[in-house]
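Worksheet for the structure shown next.
The values are calculated or read from the model by the stated rules, or taken from the named source; none is laboratory data. Remember, it's a predicted structure, so these values are computed and weren't measured experimentally. FYI the Cβ positions are ideal-geometry reconstructions off the backbone, even for glycines, and counts take in every protein chain you see. The accessibility values were calculated without ligands, DNA or RNA, using every heavy atom of the protein model including side chains. Shrake-Rupley method; radii C 1.70, N 1.55, O 1.52, S 1.80 Å.
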Amino acid sequence: MRYRCEVRSITNREDGVEVGYRDRHGVLRVGRGDFCVAALPLHLLARIPHLGREVTAAPVTPVPYPVGKLGIEYGRRWWEQDLRLYGGITRNDRLRRTLDQGAKIYGDVFRRDVRASFSVGWKRTPFSEGGWVEWASPDLPEYRLLTRPAGRVYFAGDWLSHWISWQNGAFLSARDAVTAIHRRVAAG
Ligand SMILES: Cc1cc2nc3c(=O)[nH]c(=O)nc-3n(C[C@H](O)[C@H](O)[C@H](O)COP(=O)(O)OP(=O)(O)OC[C@H]3O[C@@H](n4cnc5c(N)ncnc54)[C@H](O)[C@@H]3O)c2cc1C
């Protein structure tokens, strides 16, 4: 596992794959393997060269969602204790707007006793640049293309599943990729 490394290129070779990356010190390096599972967010994969014109063009099709998330620390877990809510999503934006919007749903309790908050705009987060993507249809040729390997490069991510924006989709897709590699290697 190499952390804080930025993949810059993925190149199929006759007998393996070369992954060009910039390490945490800014040094350009090349990693080699028999196969590669490319699990980057789809719209960022489109920027990685050397996978062929069709493959590079495919990820441009779906639209990345500019998702944000905001956390608020309260003195008391009122939504669980009073409303018996233990999950779910309340859609809103930055703190002031969030409190206004939340109060419409939960009443004034949403504004009281706030201790802290944080928020993240995934669109502005490097190496993410969006929450998740949406394909118009999983029958699109571009989607189908990416479910197959490009040479020795396999693709995986929630975006390559029917559970986009859920970890479940990422797991299912990853399992598909490693199963396909296993079958290929076992078949010789
Ligand atoms: C706001 C928000 C809320 C969510 N809530 C839930 C939830 O409640 N439950 C749930 O199941 N799912 C949730 N999801 C979805 C979940 O986060 C994703 O389904 C899951 O993270 C997808 O996993 P992945 O491995 O496919 O991709 P990611 O987790 O996106 O992993 C891709 C990785 O690639 C790295 N990367 C990008 N570019 C490069 C590069 N050039 N070189 C090297 N590495 C690179 C990124 O840093 C990242 O670590 C949420 C997502 C968002 C944005």
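In the stretch 21-61, what count of residues is obtained for those that are buried (at least 19 other Cβ atoms within 10 Å of the Cβ) and either more than 15 Å from the ligand (Cβ to nearest atom) or not assigned by TED's automatic domain parsing to the domain that holds Ile10 (or both)?
Result for the stretch 21-61: 2.
Of all residues being open to solvent by 70 Å² or more (accessible area, probe 1.4 Å) and among the acidic types (Asp, Glu) in the stretch 64-121, which is modelled with the lowest pLDDT? Just the residue, please.
Among them, the one singled out is Asp93.
Enumerate the helices (runs of 4 or more DSSP H) found wholly within the stretch 1-103, keeping only those where 2 or more residues are farther than 28 Å from Ala180 by Cα.
Numbers: elements: 42-45, 53-57, 78-81.
Here the list reads 78-81.
Given the conditions (1) within 16 Å of the ligand (Cβ to nearest atom); (2) touching a Phe, Trp or Tyr at 6+ places or on another chain (Cβ under 9 Å), which single one is not true for Lys104?
Lys104 satisfies every listed condition except (1).
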